[in-house]
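Report on one structure; see the data block that follows.
Values in this text are rule-based calculations from the coordinates and carry no lab data. Model, not experiment: these values are computed from the prediction. In this analysis, Cβ positions are derived from the backbone assuming ideal geometry, glycine residues included, and neighbour counts consider all displayed protein chains.
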Amino acid sequence: MTYQRTDTDAVIRLADGATIPAAPGNADWDAYLDWRAAGNSPEPAAPAPSLVPVSVSMRQARLALLQAGLLGQVSTAIAALPGIEGDAARIEWEFSPTVARDWPLALAITTAIGLSGSQVDELFRLAATL
């Protein structure tokens, strides 16, 4: 039997994934304490999931695209958009202060250059650090 810490006082029993609260008198908690008393140590807590930012600044977005080697592809895709929609996209790309994860232009461009949703999430996470 092995256990894993959590970010609270509870532990997770890895055999079945059960969360065991730190409650004296609880048979599962008492079994955990006996396991610890026998010299065992629980696995460390799993890292918290990295949240995807809702939006980043345009500077952060461009730096993330640059680091990922995608800035040229994005600029080319935006330049190639036709008509008034293309003109509007170029204005937005040039003058918008932020980029939202659900921004229609961001969705259209990431689809046009073939990025998956998880790749876009990683770009937004990267951008938030810049």
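Annotations for the structure displayed:
- At least 3 residues being buried (at least 17 other Cβ atoms within 10 Å of the Cβ) is the threshold, and among the strands (runs of 3 or more DSSP E) wholly inside the range 10-109 those reaching it are 11-13.
- Filtered residues of the range 109-126 (kept if aliphatic (A, V, I, L, M) and within 17 Å of PRO49 (Cα to Cα)): VAL120, LEU123, LEU126
- Residues (hydrophobic (A, V, I, L, M, F, W, C) and in contact (Cβ under 8 Å) with a residue 24 or more places away in the chain) located in the range 116-128: LEU123, PHE124, LEU126, ALA127, ALA128
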